[in-house]
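The values are calculated or read from the model by the stated rules, or taken from the named source; none is laboratory data. All of these numbers come straight from a predicted model, not from anything done at the bench. Virtual Cβ from ideal backbone geometry, glycine too; neighbours counted across all protein chains shown. For the accessible areas, the whole protein counts, side chains as well, though only heavy atoms, and no ligand, DNA or RNA atoms are used. Shrake-Rupley method; radii C 1.70, N 1.55, O 1.52, S 1.80 Å.
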Amino acid sequence: MKILIGYDGSESSDAAIDDLKRAGLPRDSEAKVIAVGDLLMSSPSPAEMVNAALASPRAAASLQQAQSHATRVITQNGEFAKTAADDLRMQFPEWKVGFEVVTGTPAWVLIEAAKRWKADLAVVGSQDRSTLGRLFLGSVSKSVATDATCSVRVARSTANRKPGGPRIIIGVDGSPAAEQAIYSVGQRVWGEGTEVKLVAVDEGPVAPARVSTFLPQAAEMLRGYV
């Protein structure tokens, strides 16, 4: 399995890596950590740039500041990526792990990287932004989950997680997409104590008796993979 992991040094991206221990991933996986330097969002404020320009009679001062900023961002993200890759190697010594530093808009970069690398799974952390923050800044995890061509795992903080094995809910409606979800879960190697609950869901005016017929079929499919 090829696993692409977006990492930016934040608590949410740390949680994404820590959460992989509970993901049932195969031992022969290959992982790539990508740290994306967003030069636009992390750039100095306009006031800082104006002050820098006024401090020197030459406009080259502002250009030099921008270049220095880009270098700092790339260097910092390189350190982030290397640290994350080292953590992965410690947690999963059987894995082949690499890392890469890219500049650009994080969501677009991760989506394109997953497609180019032909990843089976993309992993990102949820930043838990406010509604207003998501409105103005967007949500990297939401964009990746919506537009990536591979499966996507969005991890949250594990601080309040209850002890025990993973608890998994699979929504089933008889569709090919639901069958693919069952297949994906069935192909993983889950630890002791893992629980799976199948939930039949249909938004349309379908009789409950018909929806319930999806459950035995889905359960039989899942048992066939175990």
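For region 106-119, what does the Karplus curve 6.51 cos²θ - 1.76 cosθ + 1.60, with θ = phi - 60°, yield as ³J(HN,Hα) per residue in whole Hz, taken in order and with x for Gly and Pro?
Computed from phi, the couplings for region 106-119 are x, 4, 5, 4, 5, 4, 5, 5, 5, 5, 5, 7, 6, 5 Hz.
Using amide H atoms built in the peptide plane, which far-off residues or other-chain residues are under 5 Å from V123 H to H?
Placed amide hydrogens put L4, I5, G6, R153 under 5 Å from V123.
Given R₀ = 25 Å, FRET efficiency for K197-Q217 by Cβ-Cβ distance, to 0.05?
With a Förster radius of 25 Å, E is 0.95.
For V189, what accessible surface area do you get with a 1.4 Å probe? Give it in Å², rounded to 10.
Counting only protein heavy atoms, the figure is 100 Å².
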